[in-house]
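Note sheet for the following structure.
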Amino acid sequence: MGKIDTGGSSAFSEELDFEESDNLLLGLDESQHHAVTVETEPLAILAGAGSGKTRVLTRRIAWRAVKGKEDPRRVLALTFTRKAAGELRSRLSRLGLRDQIAAGTFHSVAYSQLRIYWQDRGIKEPTLLTNKISFVTNLMPRDKRSTDTLDIVAEIEWAKARRISPEIYFAEAEKHGRTPPLGLQEVSNIFKSYEELKTERKFLDFDDLLSDCAKIIRSDKSFGDAQKWRFRNFYVDEFQDVNPLQFTLLSAWLDGRSGLCVVGDPNQAIYAWNGAEADHLVRFEEHFRDSTVVSLSKNYRSTPQIVETASCLLESSGIEAVRGGGLKPSITNYSDEEREAEGIAKKVNEIHFSGGKWSDQAILVRTNAQTEIFTSALREEGVPVKTVSGSGLLDRKDIKTVISELADSKSPLVQKINDLDESSGDGSSTNNEDEVTPDTERAVALAELRRLAEEYLALDPAAQSGSFVLWLKSQSQNLYEINDDAVEISTFHRSKGLEWSVVHVAGLEQGLVPIAHAKDSNAIAEERRLLYVALTRAKDRILCSWASSRHFSGNKRKRDPSPWLFNIERAIQNLEKPLTQEEQITKVKSARRKKTKTDLPETQQVKDLKEWRLSMSRASDVPAFVIFNDETLLDLVEVQPASLDELLKIKGIGPVKAERYGKEIIELVSRRY
């Protein structure tokens, strides 16, 4: 690929062979090619799981830069995690872009712009409130401080994400069916006190960064014009997760301009509980006039078995697998959570010794509270483990020393950044390249710190070292521990955007999946999409599990399988053999044309079975056919199973359904009519 020369005084000049821009289109399928090269903007790219959205996004940025359609120095890419921003910049560098693309989260970009504004106008910088828990605790009723503070903080964040002020919180929370642990009026009062105290102490929280940045861009013409000149083309990843407050800031940055490209997937919208609004993507053409929407529908990540199994959770996925056939997903039932953790740890070991790295595997669970038992079980098995709550970059003593030196420095960050390259050892090498020593760990940590410094310089080229340290601390909640070869344990939510060869999806029980507090249809639908996200993190293999009992508050309680395990089990049963791509497409088309030919007799036994099926479906909030389809009911009437073994021989009834419904079914079919 030709070079892009952005030096000198010209706004944007190029030294390249335009024919080489075609290299950026190599290997793209028809829909990806169209998404990269389509001229019309604003543009929305609907990218299903595993469809290559990051590849398309980076190719589009690079292709438009090479073609002279955009100046890469005027591009701002917005992501939802630091890791995603780093990956995007890394890919663009490999594609040949010499200029550092500015990329970061909404909050990090807003904070860097506000710091420029404060410094230019001699305004004393407000203190960033990084710990709302302690701040809100003193505003809570004394008898609720130990249990409900976190929920109230989450409620305040939900309200601010949706641009809801304390004055209208009560009405809006009531309209949206919010059920915080305290009364709505009491939450409203706490929210009001929180805002007043924050203002009095000259604090800003993360949501204030977004609202203040949008407000200043619109109210201060010189500052607003400077930011609009700085960034002219915007790319937004995971657009289905944008909330109204972020959308407001994006609109301020755009100011009616059309230079916008977003990527997202409505089937992976999992943050409505936190204020996100997938409507921005779903109705993109209504939000942005003269816009274009294109779709990517081929999954390059997962095997057909994984794609088909995961797709059973969606009303319509439209996703086709490109890879060849693989192993069927599995479902395992354990007696309790201890046996589940031990069983998965042994399975992790077994899979590892058959080949591959530890980091090829992950264990995904619904809540943070479930991670500890798996951490202990893996360590007991001698398996290296990594969790998001593990040792972080900023917790390292050597990194704290470097940060302290940067904080005390008055030099521009660009002059100090080379200091981060200092040697971490005596320069000697080891014969084992995979060995991780304290020195190599330090080198990796320093490299990560340098990467973050480069990220900040892309946002503010004239930044001082002290400014970088303040910005870095403001982002500390989003920094993961240093990567190494270990099995990752993560929640469904935190797994978003990641992938592993093998994924163990654990704790698939009613009350966890879906979570107990998901009551209305919208919340249930989001929980279903969340499980879809977890399943589609796997490239080669999925292992699902659930426990028949689990300890809560010191007591062991019986558990029921997640109602969606029935969907999954049914989908697995239909995977009769490894499918080629052609076989999968044929099967999908055949299923669409197929009509039910089962005619159930109108007997009292059939009526009783249908009535029972309907009550079970309502209790589980799933369609009746998910419990049992008519073909299974017909087999029950004809076979009249008298034992669990006989029941398991009937098509459509696997171990999960036999465990949950076996006794009731046998009793029903054994009745004398």
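The values are calculated or read from the model by the stated rules, or taken from the named source; none is laboratory data. Just so it is clear, the structure is predicted and the values come from calculations on it, not from any experiment. Note that we place each Cβ from the backbone using ideal geometry, even for glycine, and neighbour counts take in every protein chain shown. Areas reflect the complete protein model, heavy atoms only, side chains present, ligands, DNA and RNA absent. Shrake-Rupley method; radii C 1.70, N 1.55, O 1.52, S 1.80 Å.
What residue, among those in the range 653-672 that are open to solvent by less than 10 Å² (accessible area, probe 1.4 Å) and outside any helix (DSSP H, G or I), is nearest to ARG559 (Cα to Cα)? Top of the filtered list is GLY654.
The helices (runs of 4 or more DSSP H) located wholly in the range 169-280 that include 2 or more residues which are under 25 Å from the mean Cα position of the chain (by Cα) and at pLDDT 95 or above occupy 206-219, 244-254.
In the set (1) touching a residue at least 24 places away in the same chain (Cβ under 8 Å); (2) in a loop (DSSP other than H, G, I, E, B); (3) open to solvent by less than 20 Å² (accessible area, probe 1.4 Å); (4) in contact with a helix residue (DSSP H, G or I) (Cβ under 6 Å, 6 or more places away or on another chain), GLU155 fails one condition alone, (2).
Residues of the range 366-406 that are modelled with pLDDT under 80, among the polar types (S, T, N, Q) and more than 25 Å from TYR271 (Cα to Cα): SER391, THR401. Checked against (1) touching a His at 6+ places or on another chain (Cβ under 9 Å); (2) closer than 30 Å to LEU260 by Cα, SER291 passes all but a single condition, namely (1). Taking the conditions (1) at positive phi; (2) in contact with a helix residue (DSSP H, G or I) (Cβ under 6 Å, 6 or more places away or on another chain) in turn, THR137 satisfies each one other than (1).
Hey, does the range 73-81 have a residue that's assigned to a helix (DSSP H, G or I), closer than 23 Å to ILE270 by Cα and not hydroxyl-bearing (Ser, Thr, Tyr)?
No, the conditions are met nowhere in the range 73-81.
Selection of the range 129-152 for residues being of a type outside the set (Ser, Thr, Tyr), under 28 Å from the mean Cα position of the chain (by Cα) and open to solvent by 30 Å² or more (accessible area, probe 1.4 Å) yields ASN131, ILE133, LEU150, ASP151. Set side by side, the residues ASP237, ASP255 differ, and just one is charged (D, E, K, R) and either farther than 26 Å from VAL109 by Cβ or open to solvent by 20 Å² or more (accessible area, probe 1.4 Å) (or both), which is ASP255. In summary, helices (runs of 4 or more DSSP H) completely within the range 285-382 and bearing 1 or more residues that are open to solvent by 20 Å² or more (accessible area, probe 1.4 Å) and basic (Lys, Arg) occur at 337-353, 371-380.
Among the residues examined, LEU97 does not qualify as open to solvent by less than 20 Å² (accessible area, probe 1.4 Å), in contact with a strand residue (DSSP E or B) (Cβ under 7 Å, 6 or more places away or on another chain) and either under 28 Å from GLU286 (Cα atoms) or not basic (Lys, Arg) (or both).
Please work out if THR199 is closer than 24 Å to HIS517 by Cα and open to solvent by 30 Å² or more (accessible area, probe 1.4 Å). Taking the combined requirement at face value, the residue does not satisfy it.
Among the residues of the range 37-49, are any at pLDDT below 90, open to solvent by 50 Å² or more (accessible area, probe 1.4 Å) and over 28 Å from the mean Cα position of the chain (by Cα)?
no
Only strands (runs of 3 or more DSSP E) whose full extent lies in the range 504-562 are considered here, and the ones with at least 1 residues that are within 19 Å of the chain's Cα centre (by Cα) are 538-547. When ARG541 is tested against (1) touching a Leu at 6+ places or on another chain (Cβ under 7 Å); (2) open to solvent by 20 Å² or more (accessible area, probe 1.4 Å); (3) modelled with pLDDT under 85, only condition (3) is not met.
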